[in-house]
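Worksheet for the structure shown next.
The values are calculated or read from the model by the stated rules, or taken from the named source; none is laboratory data. Just so it is clear, the structure is predicted and the values come from calculations on it, not from any experiment. Here the Cβ positions follow ideal geometry from the backbone for every residue, glycine too, while neighbour counts run over all protein chains shown. Remember, those area values only see protein heavy atoms, side chains included, never the ligands or the DNA or RNA. Shrake-Rupley method; radii C 1.70, N 1.55, O 1.52, S 1.80 Å.
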Amino acid sequence: MRREEQKNQAVSIQQTKQELSIHSGPLPTPEQLIKYNEATPNAADRIIKMAEKQLDHRKHLEEMAIRAQVRNSTIGILCGFTIGMTTVLCGTALMWHGDSLAGFGSVLVGLASLVGVFLYKKEPNK
């Protein structure tokens, strides 16, 4: 009889089912929005407006960052060009007044800095 009892006990196996749902994004799923509306009137509309405001804010910050990068790059190039040209002109003046070696060295340093500025500008941002 023990075997018959064991068979009866083995038949009563329970089955469980689990379901996993993953959602990613700035807004809840439509089903969740409906539940929000049921809990609080106009909650879905407020949630969507909040997401739109966040998107506008992020776009504004990105535009400001891009403008700042362009401005800083332009200022850097202009400063480098000014320093390079000043060095070249000073070197030329030194050579004109008879100090050839110092003038030539100054011109070389100035030209190297100008070439460096324009080569750096062509290098893509990392």
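Packing-based ranking of 16-27, 77-88 yields 77-88, 16-27, ordered from highest to lowest mean Cβ neighbour count within 10 Å.
Can you tell me how the stretch 48-126 classifies by the Cα gyration tensor, rounded, prolate or oblate, using a/c under 1.5 as the rounded cut? Don't jump to the answer; show the numbers that get you there.
Values: a/c = 9.65, a/b = 4.39, b/c = 2.20.
Taking the square roots of the gyration eigenvalues as a ≥ b ≥ c, the stretch 48-126 is prolate.
Here the simple spin-label model places points 7 Å from the Cα toward Cβ, and for Leu20 and Gln69 these points are separated by 3.7 nm. For the stretch 18-78, the share of accessible area belonging to carbon and sulfur comes to 57 percent (1.4 Å probe, ligands and nucleic acids excluded). Counted residue by residue at 0.36 nm each, then reduced by the alpha carbon distance between them, the extension gain from Trp96 to Glu31 reaches 15.2 nm. In order along the stretch 76-91, phi translates into HN-Hα couplings of x, 5, 5, 5, x, 5, 5, 5, x, 5, 4, 5, 5, 5, 5, x Hz, rounded to whole numbers, per the Karplus curve 6.51 cos²θ - 1.76 cosθ + 1.60 with θ = phi - 60° and x for Gly and Pro.
Net charge around Leu55, counting only other residues with Cβ within less than 12 Å of its Cβ (Lys, Arg = +1; Asp, Glu = -1)?
Working: positive: Lys49, Lys53, Arg58, Lys59; negative: Glu52, Asp56, Glu62.
Surrounding charge for Leu55 is +1.
Pulled fully out, how much extra length does the chain show between Met50 and Val109, if you take 0.36 nm times their separation in residues and subtract their Cα-Cα distance? Show your work: numbers first, answer last.
Details: separation 59, 0.36 × 59 = 21.24 nm, distance 5.59 nm.
Fully extending the segment from Met50 to Val109 adds 15.7 nm.
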